[in-house]
Amino acid sequence: MREVRIDPVSLNRLARLLDAERAGRLNNNVALARRILDGRVVWNVNATASGGGVAEMLTTLLAYSRGAGVDARWLVLDGNPRFFRITKRLHNFLHGSPGDGGSLGEAERAEYESVLAGNLDNMLSLVRAGDIVLLHDPQAAGMADGLRAAGAHVVWRCHIGRDTPTELTDAGWDFLRPYVSRAEATVFSREAYGPRWLDRRRSRIIPPSLDPFSTKNVMLPPADVDATLRYAGLVDRPAEQGSLAFGRRDGSTGTVRAHGNLVVAGDVVPRDGRVVLQVSRWDRLKDMAGVLTAFATNLSRLPSDTHLCLAGPDVLGVSDDPEGAEVLFECVDLWKALPIQARQRVHLMSLPMDDVDENAHLVNALQRHATVVVQKSLVEGFGLTVTEPMWKNRPVVATAVGGIQDQIVDAESGLMLADPSDLGGFTDLIAGVLDDDDLAQRLGDAAGKRVRDQFLGDRHLIQYVELFSELLP
Ligand code: UDP
């Protein structure tokens with residue numbers, strides 16, 4: 001197991017964004033947390049230190065927790081390719097998708113348990129009786145029993161889920177049941193996500209939150225957005241050499257390299273083109289392919305200066321996401337089969353992952369550059385890729401699935417598509433925003449306000465304090 005270093009960040013930074021009453025409530029709760037934790041460590045365990053929404057949130061919340069004097073720590077578990085294939089299958093099952101078509105039987109259980117037994121050994125040398133351990137997602141669930149036996153308070157937090165159970169979700173939950181039922185409490189992002197057999201009295205709902213100061217969300221002036229996208233070779237003529245400075249989350253400076261061109265299918269986006277953007281992992285449930293098809297087959301309904309950008313991580317060689325490259329190549333093949341007029345307007349982008357901050361800075365610039373941001377997920381646990389552009393006052397068009405329904409108030413702080421298979425309807429919603437600047441402005445402004453009111457870290461941290469007060473009366 002690997003411990004991720006977290007540099008403390010003062011809560012004042014967040015408190016400055018809040019009105020006096022909200023800041024006061026946050027400070028009171030943090031003082032309460034210090035009192036009830038009384039020197040106990042709050043351990044967080046997940047499968048990856050970078051990439052994806054969970055890593056994103058842990059980075060922020062643990063930094064604030066440490067800044068507030070709580071000993072919060074983060075461990076990333078060790079796995080092998082077989083283990084990650086099984087946990088990805090579990091992830092897909094819980095979303096109701098067959099994934100790679102494999103099953104979750106006794107052989108898979110044996111592999112899962114054996115990898116986690118090794119991780120548990122490691123943890124038992126670190127965790128003391130009375131500590132709190134937050135196990136995140138299916139990858140870490142199997143350690144609940146061993147940690148409780150050692151006297152820790154174990155919470156399992158699940159960041160994924162699906163509104164309506166299916167045979168596959170049931171099969172996924174059957175696999176997890178012996179582990180999850182050993183946790184003292186569980187946390188889900190939405191009420192509907194818990195399995196049928198869950199003991200609701202020991203379960204809490206805590207939706208995710210966004211950090212306004214992270215590299216991905218921090219304010220960028222338009223000139224920096226332009227320069228960044230040109231350096232990366234995403235928009236306009238690529239810069240030929242050199243590098244461009246940007247601020248990292250921890251206050252240090254990083255650089256965007258002159259990448260030439262990160263567009264893996266299509267040309268560089270013209271400078272005066274308006275951008276419709278989806279940022280996602282290359283995962284079938286994010287339906288990048290559906291966005292591409294909707295845009296390309298309904299091109300005549302869209303203003304002629306609009307370009308579609310589909311941006312995801314550079315997946316080649318990434319071990320904990322075996323499906324990523326496959327999904328990216330499927331999209332490239334779809335792109336190749338488009339008529340030339342559509343190919344000129346669609347751009348697939350692969351953002352470097354070797355420097356997570358550089359990747360985040362590029363996402364920030366792309367989201368700020370976009371005229372409309374879309375998220376056409378078929379299933380979505382929460383969808384930070386919706387919260388992020390909302391915070392940046394972008395109008396968002398998204399499917400009404402999972403946690404997206406809690407984020408967007410339809411027709412007020414974004415537009416929602418009820419039926420994810422309605423490609424024409426999806427394009428019409430996008431065209432409606434592109435054709436109406438007032439609507440775009442109104443949706444974007446309301447989106448920013450909604451994130452400020454509901455999805456910042458203070459609400460999230462306070463909900464954790466409430467949970468800890470129940471565990472440590
Ligand atoms: N993301 C990123 N680079 C990429 C693609 C995605 O940094 O190339 C980020 C995205 O900005 C968001 C997170 O990964 O912060 C994805 O979180 P979300 O909740 O939307 O979905 P998940 O990937 O957890 O299913």
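The values are calculated or read from the model by the stated rules, or taken from the named source; none is laboratory data. This one's a predicted model, so the numbers in the text were calculated from it and none came from an experiment. Neighbour counts run over all protein chains shown; Cβ positions are idealised from the backbone, glycine included.
Checking the conditions here, which among LEU32, LEU104 is surrounded by fewer than 22 Cβ atoms within 10 Å (Cβ to Cβ) and either within 16 Å of the ligand (Cβ to nearest atom) or closer than 20 Å to SER10 by Cα (or both)? First the steps, then the outcome.
On the way: LEU104 fails: either within 16 Å of the ligand (Cβ to nearest atom) or closer than 20 Å to SER10 by Cα (or both).
The unique qualifying residue is LEU32.
Identify, please: which residue in region 177-200 is out of contact with any strand residue (DSSP E or B) (no Cβ under 9 Å at 6 or more places or on another chain) and part of a helix (DSSP H, G or I) and is, among those, nearest to TYR464 (Cα to Cα)?
Applying the first criterion (out of contact with any strand residue (DSSP E or B) (no Cβ under 9 Å at 6 or more places or on another chain)) to region 177-200 yields 177-178, 181, 192, 195-197, 200.
Adding the requirement that they be part of a helix (DSSP H, G or I) leaves 177-178, 192, 200.
Values: ARG177: 24, PRO178: 25, ALA192: 20, ARG200: 17 Å.
My answer is ARG200.
Which of the residues spanning region 43-62 are at pLDDT below 95 and assigned to a helix (DSSP H, G or I)?
Here is the first cut: in region 43-62, the residues at pLDDT below 95 are 48-57, 59-60.
Within region 43-62, GLY53, VAL54, ALA55, GLU56, MET57, THR59, THR60 meet the criteria.
Assess whether ALA31 counts as being assigned to a loop (DSSP other than H, G, I, E, B) and either over 30 Å from PRO195 (Cα atoms) or among the aliphatic types (A, V, I, L, M) (or both). Break it down stepwise before answering.
Values: assigned to a loop (DSSP other than H, G, I, E, B): no; either over 30 Å from PRO195 (Cα atoms) or among the aliphatic types (A, V, I, L, M) (or both): yes.
No: the conditions fail for ALA31.
Does region 129-138 hold any residues that are on the phi > 0 side of the Ramachandran plot and in a helix (DSSP H, G or I), and which are they?
Of everything in region 129-138, just one residue is on the phi > 0 side of the Ramachandran plot and in a helix (DSSP H, G or I), namely ASP137.
Suppose we filter region 139-166 for residues that are within 16 Å of the ligand (Cβ to nearest atom), not in a helix (DSSP H, G or I) and not charged (D, E, K, R); how many remain? Lay out the reasoning, then the answer.
Filtering region 139-166 for residues within 16 Å of the ligand (Cβ to nearest atom) gives 139-140, 157-163.
Remaining after also requiring not in a helix (DSSP H, G or I): 157-163.
If we keep only those that are not charged (D, E, K, R) too, we end up with 158-161.
Counting residues in region 139-166 that are within 16 Å of the ligand (Cβ to nearest atom), not in a helix (DSSP H, G or I) and not charged (D, E, K, R) gives 4.
Check VAL256, VAL225, VAL264 and return the single one that is at pLDDT below 90, within 16 Å of the ligand (Cβ to nearest atom) and of a type in the set (Val, Ile, Thr). Don't jump to the end; show me each part of the working.
On the way: VAL225 fails: at pLDDT below 90; VAL264 fails: at pLDDT below 90.
Result of the check over VAL256, VAL225, VAL264: VAL256.
Select from region 349-363 the residues that are at pLDDT below 90 and within 8 Å of the ligand (Cβ to nearest atom) and list them in ascending order.
Passing the criteria: MET353, VAL356.
Please enumerate the residues belonging to region 430-445 that are closer than 18 Å to LEU277 by Cβ and either among the acidic types (Asp, Glu) or loosely packed, with under 15 Cβ neighbours inside 10 Å (or both).
ASP435, ASP437, GLN441
Tell me yes or no: at least one residue of region 401-411 is among the polar types (S, T, N, Q), more than 19 Å from the chain's Cα centre (by Cα) and more than 13 Å from the ligand (Cβ to nearest atom).
Restricting attention to region 401-411, the residues satisfying the condition of being among the polar types (S, T, N, Q) are 405, 407.
Filter once more, keeping what is more than 19 Å from the chain's Cα centre (by Cα): none.
Scanning region 401-411 turns up no residue that is among the polar types (S, T, N, Q), more than 19 Å from the chain's Cα centre (by Cα) and more than 13 Å from the ligand (Cβ to nearest atom).
Within region 358-371, is there a residue that is farther than 26 Å from GLY403 by Cα and in contact (Cβ under 8 Å) with a residue 24 or more places away in the chain? Walk me through how you get there before you give the answer.
Start the filter on region 358-371 by keeping residues that are farther than 26 Å from GLY403 by Cα, which leaves 358.
Applying the additional criterion that residues be in contact (Cβ under 8 Å) with a residue 24 or more places away in the chain yields 358.
The answer is yes, given that some residue of region 358-371 is farther than 26 Å from GLY403 by Cα and in contact (Cβ under 8 Å) with a residue 24 or more places away in the chain.
Of the numbered conditions (1) in contact (Cβ under 8 Å) with a residue 40 or more places away in the chain; (2) surrounded by fewer than 20 Cβ atoms within 10 Å (Cβ to Cβ); (3) β-branched (Val, Ile, Thr); (4) touching a strand residue (DSSP E or B) at 6+ places or on another chain (Cβ under 6 Å), THR297 satisfies every one except a single condition; which is it?
(4)
Only residues in region 343-354 that are touching a residue at least 24 places away in the same chain (Cβ under 8 Å) count as the first member; pair them with residues that are of a type in the set (Gly, Ala, Ser) and in a loop (DSSP other than H, G, I, E, B), Cβ under 7 angstrom, at least 6 apart or cross-chain, and list the lot.
ARG343/GLY266; VAL346/GLY266; HIS347/GLY266; LEU348/GLY266; MET353/GLY51
Tell me which residues, restricted to region 177-217, are in contact (Cβ under 8 Å) with a residue 40 or more places away in the chain and away from the ligand (no atom under 16 Å from the Cβ).
Applying the first criterion (in contact (Cβ under 8 Å) with a residue 40 or more places away in the chain) to region 177-217 yields 183-185, 187, 189-190, 193, 204, 206-217.
Within region 177-217, ALA183, GLU184, ALA185, ARG204 meet the criteria.
Would you confirm whether or not region 334-346 contains a residue that is in a loop (DSSP other than H, G, I, E, B), within 11 Å of the ligand (Cβ to nearest atom) and not small (Gly, Ala, Ser)?
Looking only at region 334-346, we keep the residues that are in a loop (DSSP other than H, G, I, E, B), and these are 337-339, 344-345.
Retained after the next criterion (residues that are within 11 Å of the ligand (Cβ to nearest atom)): none.
Scanning region 334-346, I find no residue that is in a loop (DSSP other than H, G, I, E, B), within 11 Å of the ligand (Cβ to nearest atom) and not small (Gly, Ala, Ser), so the answer is no.
SER65 versus (1) at pLDDT below 95; (2) in a helix (DSSP H, G or I); (3) of a type in the set (Gly, Ala, Ser): which is the lone unmet condition?
Tallying (1) at pLDDT below 95; (2) in a helix (DSSP H, G or I); (3) of a type in the set (Gly, Ala, Ser), SER65 fails exactly one: (1).
Could you list, in sequence order, the residues of region 267-288 that are part of a strand (DSSP E or B) and either touching a His at 6+ places or on another chain (Cβ under 6 Å) or at pLDDT below 95 (or both)? Break it down into steps so the answer makes sense when it comes.
Step one: of region 267-288, the residues part of a strand (DSSP E or B) are 269, 274-279.
Residues satisfying the conditions are VAL269, VAL275.
Taking only pairs six or more apart or across chains, which ones have beta-carbon atoms under 7 Å, a first residue in region 54-76 that is over 12 Å from LEU134 (Cβ atoms) and more than 16 Å from the ligand (Cβ to nearest atom), and a second residue that is in a strand (DSSP E or B) and among the aliphatic types (A, V, I, L, M)?
Once the first residue is over 12 Å from LEU134 (Cβ atoms) and more than 16 Å from the ligand (Cβ to nearest atom) and sits in region 54-76, its partners that are in a strand (DSSP E or B) and among the aliphatic types (A, V, I, L, M) give ARG66/ALA72; VAL70/VAL42; ASP71/VAL42.
Would you check which residues across region 302-329 are crowded, with 16+ Cβ neighbours inside 10 Å and among the charged types (D, E, K, R) and list them?
ASP314, ASP320, ASP321, GLU323
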